[in-house]
Each structure stands twice: as structure tokens, then as C-alpha cells.
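Comments concern the structure below.
Please treat every number below as a calculation from the coordinates, not as lab data. Note that the structure is a prediction, hence the values are computed from the model and not measured. Here Cβ is always computed from backbone atoms with ideal geometry, including for glycine, and neighbour counts include all displayed protein chains.
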Amino acid sequence: MFAFAPGRRGPLPRGISRDDVVAAYPDWSILDDLPMEVTGAPGAIQKAEPRWYRLSHD
């Protein structure tokens with residue numbers, strides 16, 4: 001799953017934290033929680049702290 005860290009982004013979704021992912025998917029386990037490589041990305045993308053979550057259904 002691809003997600004941005006929680007934050008204010010105007011009309012865009014506010015993002016989700018690791019705790020939010022755990023709460024939203026109670027029957028799933030997080031196998032990986034990795035930051036996306038943002039080198040060279042626009043500042044707004046870097047500030048949004050994009051992450052990749054790999055989940056497994058229990």
C-alpha cells in the first residue's frame with residue numbers, strides 16, 4: 001500500500017500513519033514499512049513523507 005504521512009494538503013486526502021493502517025486493517029500484519037525514495041522529487045512530495053506498506057492477511 002502506498003501512503004503519505006498525515007498532514008494538511010488542501011483538497012487532497014490527509015494521509016495515514018502506521019497506527020492508522022493497523023487500526024484500519026485489524027486482520028492484517030505489516031510486513032514492511034519503507035520510506036519512498038524522494039531524492040529529486042518536488043518539495044511537496046518530500047514533505048508528505050511517502051511510504052510503502054506491505055501487508056499480509058492473517
Longest segment of the chain lacking trypsin sites (Lys or Arg not before Pro) that sit in a DSSP loop with at most 15 other Cβ atoms within 10 Å: 15-58
Helix-only CD estimate at 222 nm, as mean residue ellipticity for the chain, using -39500 (n - 2.57) per DSSP H run (n ≥ 4): -4500 deg cm²/dmol
The chain: relative contact order as a whole-number percent, Cα under 8 Å and 6+ apart: 44 percent
If the convex hull is drawn through the Cα atoms of the chain, its volume per residue in Å³: 72 Å³
